[in-house]
């Protein structure tokens, strides 16, 4: 996929820049996009992150099946700071509800 190298090479100026870019970046206004997502989506956030939790919750609420998963004791890089908590949360989400 040709998009991935461009995405991986992008170096945002910080979480505030990322938030602004998500709303009106080079691709245009992306705010209508979450409503088009048809799969369950987890929004993982460290509980000590400097990102506004209300914005995180609003983003998840804009998704048809969005969920906020808070990683205790972690900041912006929860996967690095608390991998012992981040990956089990992600794994449980990906496995979905237990089958009867």
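Worth pointing out:
Conditions (1) part of a loop (DSSP other than H, G, I, E, B); (2) at pLDDT 85 or above, marked per residue:
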site: 1; (1), (2): yes, no
site: 7; (1), (2): no, no
site: 39; (1), (2): yes, yes
site: 59; (1), (2): no, yes
site: 69; (1), (2): no, yes
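- Residue check, residue 48 surrounded by 15 or more Cβ atoms within 10 Å (Cβ to Cβ) and more than 13 Å from the chain's Cα centre (by Cα): yes
The values are calculated or read from the model by the stated rules, or taken from the named source; none is laboratory data. Worth saying up front: this structure is predicted, and the values here are computed from it rather than measured. As a convention, Cβ positions derive from the backbone with ideal geometry for all residues, glycine included, and neighbour counts pool all protein chains shown.
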